[in-house]
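**Student:** The structure follows.
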Amino acid sequence: MISNQQSLILSPFMAIYDIVVPKDNMLRQINDLVDFSFVHEELQNKYCLDNGRNAVPPIRMFKYLLLKSIFDLSDVDVVERSKYDMSFKYFLDMAPEDGVIDPSSLTKFRKLRLKDVNLLDMLIQKTVTIALEKDIIKSRSIIVDATHTKSRFNQQSPKEILMEKSKLLRKAVYQIDEKLKDKFPPKTTTNELEDELDYCQKVIDVVEKEEAIREYPRVKEKLNYLKEIVEDHHEHLQLSNDPDARVGHKTADSSFFGYKTHIAMNEERIITAAVITTGEKSDGKQLQTLIEKSRKTGMEIDIVIGDTAYSEKDNIQYANQNELHLVSKLNPLITQGTRKKEDEFEFNKDAGMYVCKAGHMAIRRARTGRKNAGKNQVDAYYFDIDKCKQCPFKEGCYKEGAKSKTYSVTIKSTEHSEQHVFQESEYFKEKAKERYKIEAKNSELKHRHGYDVATTSGLVGMQMQGALAIFTVNLKRIMTLVK
């Protein structure tokens, strides 16, 4: 049960916060900046208002999750720190002497209270609204990109996950006292998951008995992680590991197993929209959704900046229809084809035919592909095969035994031709320089807020993690700009 009204904190110790939590403390600034009553309004229908035990206020539970994201902590560690860190207690609207929640309450809150809540769009909308109210958004452009997050289980079997986590714990212990090696049980020799779970529990028991060792932060962190997985192995160690995660590709020869977060950000470096998908999804297909979501937050957009992934024909047409400048270079295959410069033939505009390096002109032309079929048409120019057989430049040009020799040229659509002209302009080149900003934002999400690896399995968990991480970086950026 929760009350419709916020309770007043009556404590003789509240003045302590004025002494130990300075005005420039980040958590104090966030409390001053954001009216968190929107959380209560959004979640009150998930609680009973007139029956049952008093629940921890949803705003406080939400703030616990926010602290996890800001400081990249586990459930156990964020609760532990809130026992003694006065800035945490102040942020959580607690009296200095108040007790803390049980860490398991955070799992229940995520599963029961945040289920079916579109947290991602709601939190981005909240931060953009704050930025607009503070009048710190001046630009009319967004920068788009996608960043990848690896699955928590990274295509390992459940047994391999347990083996890895127990190894990390033992390693942390050995760095402090190598003599403890003799106290650990012998490793399993079977492939049974139950045997590995039993072994991990024995490792946990050994470490927990060593009071002096277990309190070292590096040991405690690994211990808590292994305990969390063992205690909740039915959820975390499913045979499918992470059923929603997919293999995606960062480059032609490197891949990852996990998810993609497609982001739109304005030039003030505030994220205005995000779409979280499985790892194999194309970046370019999310552009129109990112633009529409950004506009719903109140952003006015004239310019969209992105890499070559966003310059597909559908996106160019969409930009033209919506009077947007799409600052995204065409794929080199469209602008120059796959040939090297030295392999290109000359076009004779008077004859309307291509001439090869030996000076021979094509004898006929044939066009393939239907107009307006969604793909560019191709002109194939045919050369006299008898001349090709005798040509001194035939190596690398004519394949021995071939019955014909053609030189094919893709016909650019009107959209591609206009985009090619636009990308050569000074305006395009100047605006393209802004793209580096989103690379820095992706790095901040990954390296400061734990966004490089998913904290749970499943797309729903990934969306919740993304919502809190983006909310965090947006608030930090707004506070910087307000200063």
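**Student:** Tell me, yes or no, whether segment 396-404 has at least one residue that is outside any strand (DSSP E or B) and buried (at least 16 other Cβ atoms within 10 Å of the Cβ).
**Tutor:** yes
**Student:** Got a sec? Which of Asn241, Asn224 is of a type outside the set (Ser, Thr, Tyr), more than 30 Å from Ile176 (Cβ to Cβ) and modelled with pLDDT under 90?
**Tutor:** Asn241
**Student:** Determine which single condition Glu439 fails, assuming it passes every other condition in (1) surrounded by 14 or more Cβ atoms within 10 Å (Cβ to Cβ); (2) modelled with pLDDT of 90 or more; (3) closer than 25 Å to Phe256 by Cα.
**Tutor:** Glu439 satisfies all of (1) surrounded by 14 or more Cβ atoms within 10 Å (Cβ to Cβ); (2) modelled with pLDDT of 90 or more; (3) closer than 25 Å to Phe256 by Cα except (1).
**Student:** A further question follows. Out of (1) part of a helix (DSSP H, G or I); (2) open to solvent by less than 30 Å² (accessible area, probe 1.4 Å); (3) not aromatic (Phe, Trp, Tyr), what's the single condition that is false for Leu132?
**Tutor:** The number of the failed condition is (2).
**Student:** Test Ile142 against the stated conditions and say whether it is outside any helix (DSSP H, G or I) and either in contact with a strand residue (DSSP E or B) (Cβ under 8 Å, 6 or more places away or on another chain) or hydrophobic (A, V, I, L, M, F, W, C) (or both).
**Tutor:** Yes: the conditions hold for Ile142.
**Student:** Return the residues of segment 188-214 that are at pLDDT below 90, open to solvent by 100 Å² or more (accessible area, probe 1.4 Å) and not polar (S, T, N, Q); say none if nothing qualifies.
**Tutor:** Within segment 188-214, Glu192, Glu194, Glu211 meet the criteria.
**Student:** Right, next: Checking Val39 against (1) modelled with pLDDT of 90 or more; (2) open to solvent by 40 Å² or more (accessible area, probe 1.4 Å); (3) among the β-branched types (Val, Ile, Thr), only one condition comes out false. Which one?
**Tutor:** Unmet for Val39, out of (1) modelled with pLDDT of 90 or more; (2) open to solvent by 40 Å² or more (accessible area, probe 1.4 Å); (3) among the β-branched types (Val, Ile, Thr): (2).
**Student:** Now for a separate question. So, of the residues in segment 164-187 that are within 25 Å of Thr456 (Cα to Cα) and modelled with pLDDT under 90, which turns out to be least open to solvent (accessible area, probe 1.4 Å)?
**Tutor:** Lys165
**Student:** Could I ask something else about it? Could we say that Ser425 is in contact with a helix residue (DSSP H, G or I) (Cβ under 8 Å, 6 or more places away or on another chain) and loosely packed, with under 13 Cβ neighbours inside 10 Å here?
**Tutor:** no
The values are calculated or read from the model by the stated rules, or taken from the named source; none is laboratory data. No experiment lies behind these values; they were computed from the predicted model shown. Every residue, glycine as well, gets a Cβ built from its backbone with ideal geometry; the counts of neighbours run over all protein chains shown. Side chains included, ligands, DNA and RNA excluded: accessible areas come from the protein's heavy atoms. Shrake-Rupley method; radii C 1.70, N 1.55, O 1.52, S 1.80 Å.
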